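Right, one structure below, let's go through it.
Every read-out reported here was derived from the displayed coordinates using simple, explicitly stated rules and does not represent laboratory data. Just so it is clear, the structure is predicted and the values come from calculations on it, not from any experiment. Reconstructed Cβ throughout: ideal geometry from the backbone, glycine too, with neighbour counts over all protein chains shown.
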Ligand SMILES: [Fe+2]
Ligand SMILES: [Fe+2]
Ligand SMILES: [Fe+2]
Ligand SMILES: [Fe+2]
């Protein structure tokens, strides 16, 4: 087996992370465009597995002394029908399979090999799933609908469109920010790390609600995200996350006052409630990192609050 240097290994893993990121966005976009249904749910499930791959590979980058990347690789946005989208997802899995097979020929570390083999097995399963989805969607297109085609949805009000697009940009940023914070905090506090991963998945649900509303009204789902805050220190990460939730809940509140469509308004309001929960949850997690004071500390010891955290930051 040829010698692969640490630097080459980090570069290989970073390329894989960018492709996993692209797969998440490509699959979610396709799931939202297909609307509510069993198939869309299954595709979202695959996107969640790609999120796990991104996490595993990023952990390795950190472990090897590299910088995690939040860049996105090639995202295939072509195709006009469900079978075409599913065919492009088969192609994405083919590219991933070829990449990981190539990596196995160059990687000696048994632990890293085991993780790559685990990911490769998932990609082979995904490929099989997408091949099946090509057949299923092709068949659906050939079967005439029992009911006449629905009237095209009326154009979305600008205020609703703005809110949903801002929401997708935010949720996309929150997913990435919490994912990165999750694998960076893993060695410091497993509870914090696993909660951040869980909430990243929750933000992905919000993105789904907004994406479906947009696509259902004939709009495109934005594929860009708000800027990320990625400090090195776990306490600073949680403070940034608390601030992000706080600002987002306020922004959603402002949108709700102006929005017109009850469906669009409803999803923004549901997300707003969950952002407020995230803010308190992150506040609780932040306290876990409070420096331990002397055992003589009394209950009057100053407690962290969101307000004091903000002043501190
Ligand atoms: Fe993957
Ligand atoms: Fe995959
Ligand atoms: Fe959210
Ligand atoms: Fe949130």
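Values computed for the structure shown
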quantity	calculated
5 Å-binned pair-distance histogram of the stretch 43-95 (Cα, whole percent)	5, 16, 20, 23, 16, 11, 7, 3, 1
Projected label distance in nm at residue 284 and residue 36, using a 7 Å step from Cα toward the beta-carbon	3.0
Calculated [θ] (222 nm, deg cm²/dmol) that DSSP helices of n ≥ 4 give over the chain, each run adding -39,500 (n - 2.57)	-25500 deg cm²/dmol
Set of the stretch 8-45 residues, backbone N closer than 16 Å to the point 7 Å along the Cα-Cβ line of residue 125	42-45
Two-decimal Rg to Rh for the stretch 155-313 - Kirkwood Rh, Cα set	1.05
Residue 63 versus residue 257: modelled label distance in nm, points set 7 Å from Cα along the beta carbon direction	5.0
Compactness of the stretch 40-146 as Cα Rg over 2.2 N^0.38 Å, two decimals	1.26
Extended-chain gain in nm, criterion 0.36 nm per residue less alpha-carbon gap, residue 132 and residue 84	16.0 nm
The stretch 146-237 - Rg and Dmax from Cα coordinates, angstrom	17.1, 57
Euclidean distance between Cα centres, the stretch 3-70 to the stretch 221-286, Å	23
Over the stretch 163-207: Rg over Rh, Cα atoms, Kirkwood Rh	1.07
Fraction in percent of alpha-carbon pairs per bin - 10 Å, the stretch 79-194	11, 18, 29, 26, 11, 3
Kirkwood hydrodynamic radius (C-alpha pairs) into Stokes-Einstein, the chain, 4 °C and 1.567 mPa s, D in µm²/s	61
The chain: relative contact order as a whole-number percent, Cα under 8 Å and 6+ apart	16
Simple spin-label estimate for residue 139 and residue 159 in nanometres, 7 Å along Cα-Cβ	4.6
